Amino acid sequence: MRTRSLLLIAGVMMLGFACATAPPPPPPPSVDVSGTWEGTWEAFERSAGGGGIRGVFRQDGATLYGNFEIQTQGPNPISRTYVSGVVRANQVQLLAPNEGLLVVDGNEMSGTIQGIMAARVTLRRQP
């Protein structure tokens, strides 16, 4: 009987800890970034360069997906890559294939993206 009581108490305590440590749900998106965005990127290491960047995004609730077209000065002046991420409040968190965090302010979003190198990015919504 004592063993059952101890197991019951331990189970209730574990359940209580699990409920107490659950993270709060993320804030819902307060922005919709669907559409075309154009701007510039600049590597933190200035010698690594910079150039133009164009993003075409589709947002479904908090899920973001689309692609980037990145312009550089080099033998391959344009590269393309898909992107996916999550929109929380006014922030776009890029998850794949590179990580990044962009903050949306009206028709502009800016922040950093970590690809082969870390870069500052500024984009403006296109009509």
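Read-outs: derived from the displayed coordinates by stated rules, not from any lab. Predicted model only: the values in this text are computed from it and were never measured. Positions of Cβ are backbone-derived with ideal geometry, glycine not excepted, and every protein chain shown enters the neighbour counts.
As a calculated quantity, the FRET efficiency between residue 58 and residue 117 at R0 = 22 Å, using C-beta atoms, amounts to about 0.25. Computed extension length for residue 71-residue 84: 2.7 nm, one decimal, from 0.36 nm per residue of separation with the Cα-Cα distance subtracted. Measuring how big the stretch 35-125 is from its alpha-carbon positions, Rg and Dmax come out at 12.3, 39 Å.
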